[in-house]
1. Given +1 on the Cβ of Lys and Arg, -1 on the Cβ of Asp and Glu, and no further charges, what dipole in debye does segment 347-484 carry about its Cα centre, rounded to the nearest 20?
2. So in segment 282-416, what percent of DSSP beta bridges are antiparallel if you round to the nearest 5?
3. Accessible area, 1.4 Å probe, largest first: how do Lys513, Lys497 sort?
4. Using +1 at the C-beta of Lys and Arg and -1 at the C-beta of Asp and Glu, which of Val604, Ile576, Gly553 has the Cα lying farthest in the positive direction of the dipole of segment 490-614?
5. What figure in square angstrom, to the nearest 10, would you give for the accessible area of Lys489 with a 1.4 Å probe?
6. Between Arg425 and Glu410, how many nm apart are label points set 7 Å from Cα along the C-beta direction?
7. Place a +1 charge on the Cβ of each Lys and Arg in segment 495-640 and a -1 charge on the Cβ of each Asp and Glu, then give the dipole magnitude about the Cα centre in debye, rounded to the nearest 20.
8. Tell me, what is the FRET efficiency for Thr514 and Lys568 to the nearest 0.05, using R0 = 35 angstrom and their Cβ-Cβ distance as r?
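The values are calculated or read from the model by the stated rules, or taken from the named source; none is laboratory data. These figures come from a predicted structure and were not determined experimentally. When we count neighbours, we look across all protein chains shown, and the Cβ atoms used for this are built from the backbone with ideal geometry, even at glycine. With ligands, DNA and RNA removed, areas are computed over all heavy atoms of the protein, side chains included. Shrake-Rupley method; radii C 1.70, N 1.55, O 1.52, S 1.80 Å.
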Amino acid sequence: MELAPLSVENEGIDFDVGSGDEEEEAAAGAAMESEDYNDDEEFGYDSGERRDLLLSGLDQNHEPCEGMEFESEEAARIFYNSYARRVGFSTRVSVYHRSRRDGAIICRQVVCSRQGFRQARDRERCISNKRQRADTRVGCKAMIMVKKQDSGRWVVSRLIKEHNHELVPPDKVHSLRSHRHVSGPARSLIDTLKAAGIGPSGVMSVLIRESGGINNVGFTTVDCRNYMSGSRQRTRVSGVQQVVDELKRMQAENSSFFYAVEGENENSKRNVFWADADSRMNYNCFGDTVTIDTTYRSNRFRVPFAPFTGLNHHGQPVLFGCALILNESEASYIWLFQTWLAAMSGKHPVSMTTDQDRIIRAAVAHALPKVRHRFCKWSIFREAEEKLAHVYQSHPTFEADFRKCVNMSETASEFDYSWESLLKRYDLVGNEWLQSMYSVRQQWVPLYLRDTFFGEMTVTQGSDTINSFFDGYVNASTAMQVLIKQYEKAVASRHEKEVKADYDTMNTTPVLKTPSPMEKQAASLFTRKIFMKFQEELVETLAITATKLDDTGTVSTYRVVEFGEDHKSYTVSFHIFETIASCSCQMFEFSGIICRHILAVFRVTNVLTLPSHYVLKRWTRNAKSGILVDERSIDLPGNSGDSSAVRFNNLRQEAIKFVEDGSRSVHLYNVAMDALREAGKKVAAAKTKGPVITRVGDMANGRASDVQSSESDQLSSEGEKDKKILELLNEVQIANQRCEVYRAKLFSLLKDMEEQKLKLSIKAQSVRVSLKE
């Protein structure tokens, strides 16, 4: 039976490969080669339409026989595989012969997938693998051999129908490898369902229902999962390039926009980082504490999107840059942190909060060794729900006890005692996950972190929740193709919220709750939200007693107790002359807002205004004043020439400055044009002859060195002036502090005099009464 002529391509039918028959090789009289296909490899068909067309001219129940002719070798393979499906076995491609004349294939064997036996080395490899594979080879002889004729057609030269194993029944034949392929219509439906957020199991349920049974689907759940995984990877590859193209556009519109791509090779494993001018300026103002949000990993986001964020002067999330993390190796994370740091002019933060992932931990230690690294407590509590699911279900009180142990412990001994009690109460003494969390407690339990600034309003709440910058804009269903659009929407929305908070701070007057001049001072300095927190602390001092325990003349120690909590006290050390106090609660060190305990000591020592060192600029109305983006060339990790994007960014920034200077006058314009022409000649020479090295002393016939010397002298003079100004300001500040101390002592003296006067008056009145009697 012949087939109608048709040019065909491989179609998703997975033909396995095995060893051939040595007698057949000798008879063929040609060098016989074998092809070793991976068992999981597909031939890449888009659909089953071509196979159906190839078979349209044949009786579907027709039996193969010697002498049968086909238009092509591919048509013969497809026909034999179709026959195998009806009978109940799987096929794979075996050996072939090549022509000595032109190397074209002239003979092909297609065999039963259970033909031959696995070689010893393959068997040992299967056994050594963690996921052992069953040995399916039983030496079956069933096969078909087709040879190419001079006419170009292919004829069956040998056929063996008998099998030495049981055949698969019709209701299970769809599970055989060569009969499984994801057709075009199925792929379209899978893509649609996947876009709606449905997983492989859900997709298969729909396909089974639409096909009228699993036998008619044509592939298994594993095949569906593999296709969806490959599709996701292909989507990411094209999506990343779209993101990079958008970043190029944004950089063209704003020279302060920065982006970098890890490596130059065009593959799917490239990480991308970018930061706009606002992000870089915000970092200069609020870059003391940074959070890297990698919740995309636990929430199974389609886009591996990780923003660098912090807190602005209103306590709102603020952006310091974004990354696409397609390669989660330690080296790639190190590249990311170093690139981000370079984009932020090399300024290190005080603290950083990340996921507790081992790779991220190692990368932070390498790239930012002096930064205080904290693990996100929110992610740890979430992981606890997974690792200790049986405890959460059987003991409803465990979550509250666990959080209380972590958040409310004031000392290390108190935490250890609560931790041990928790493990014993819920029978978790040997739990490995809890043991691992205890071993790194210094990096996530609040009491060990409160000596470092993290910008949160309370020590105990620290990172219980994540207030993501991109909430409502980037989620699990966001596709790579719309990421930049959603990014721009989120940035615009956050900017509007900051503008609204600035307006409320500048144009509304907060209600004062005390006659304290310190409260009035704070209302004029802090933003609205920060003032509200300060006011809360100040009002609470009315229910606090501060008792002096020790006084060395310069430093006094106080025991501070809140009303109704005599069992819980705080210790405040107060340096009288410098008006510097430290509290055991360490709220100021952690959040940058002075605590009620220090304010209570200020009240009893008559410190009426807030010392300047307790007003952090980052929390004030003028937090952004005097801050500019550093427009110098960005030095990336290693050689800055490693990235064409960075080279482009740096060259353009320098060129823009050159153009702006050259356009100011006709003379400067002519000088600039001459310089550009000379630079063009040097660049052209470098292309053909390699790098050209120019000594600084040779520039402009030696004038550059003279200019550099004069600039150096000028900078030195300006530096001395700045140093002198700083010294004078420091002296003024010390004088003000001493005045505050003297004024406090004067108030204390006047208060004592008033008390003595009152006592004398009472005594005088008593004497008058007694004399009258």
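1. On the way: 15 positive and 17 negative charges, 97 e Å.
It works out to roughly 460 debye.
2. Working: 9 of 16 bridges.
That works out to approximately 55 percent antiparallel.
3. On the way: Lys513 140, Lys497 100 Å².
Result, largest first: Lys513, Lys497.
4. Val604
5. 100 Å²
6. Label at Arg425, label at Glu410, 1.9 nm between them.
7. Values: 17 positive and 18 negative charges, 70 e Å.
About 340 debye.
8. Working: r = 24 Å, r/R0 = 0.70.
Using R0 = 35 Å, I get an efficiency of 0.90.
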